[in-house]
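One structure is given below, encoded as structure tokens.
Values quoted throughout were computed directly from the atomic coordinates according to the rules given, and no laboratory measurement underlies them. Note that this is a predicted model, so its numbers are computed, not measured. As a convention, Cβ positions derive from the backbone with ideal geometry for all residues, glycine included, and neighbour counts pool all protein chains shown.
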Amino acid sequence: MTTEDSEKITADDRLAITDLLIRYARACDDKDWDLLGAVFTADCVARYRTVHLQSLPAVKHHLWSVLGGCGNTQHLIGNVAVSRNERGVAVRSNVRGWHVGAGAYEGSSYEGIGYYDDVVVRTGDGWRIAERTFVLVADNGDRSVLQPGPEPAPDYESRRA
């Protein structure tokens, strides 16, 4: 265990980590794919149900492919628990995502509730998500509202692993 790993998680760390989660929700809801660079590490690993991603560009592309063509969305994140484990700083947070259909799916909506299990690391630019696993607990509505955005898609080097 390194010195950094054995340091206590401070109230300032908890606030900064919560701000990180809010920044993620804002990036999704504003469809600001570049903002995700201030959320994830470049070499992050993310699992969104059956989709496994292995880089920040792959995460950007995946989120564009499911949120970019939606109408308005709202991702509410709460019940944030921060602790240390064998992998570093673990964060579990609940999420409720509301997605409104656009275009051919106008008038439809999709809602998913679940949680994120994250491992976050402190970088020179602040806390970032190095690992994310999304677990869907329940959903309701028309999943077809999850559509890719207009071209061009965000650049990415690696697709699903």
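General remarks:
- Placed amide H near residue 84: partners under 5 Å, 5+ positions off or other chain: 90
- Rounded to the nearest 20 debye, the dipole magnitude of segment 1-82 is 400 debye, with +1 charges on Lys and Arg beta carbons, -1 on Asp and Glu beta carbons, and the Cα centre as origin.
- Loop trypsin sites (Lys or Arg not before Pro), segment 75-152 (other Cβ atoms within 10 Å of the site Cβ: 15 or fewer; DSSP): 87
- With at most 14 neighbouring Cβ atoms within 10 Å, loop GluC sites (Glu not before Pro) (DSSP) excluded, longest segment of the chain: 8-85
- Cα gyration tensor shape for segment 75-161, rounded if a/c is under 1.5, else prolate or oblate: oblate
- Share, in percent, of DSSP beta bridges within the chain that are antiparallel, nearest 5: 90 percent
- Segment residue 65-residue 10, extension gain: residue separation times 0.36 nm, minus the distance between their alpha carbons: 16.2 nm
- Extreme residue, positive dipole direction of segment 1-148, given options 64, 130, 107 (C-beta unit charges): 107
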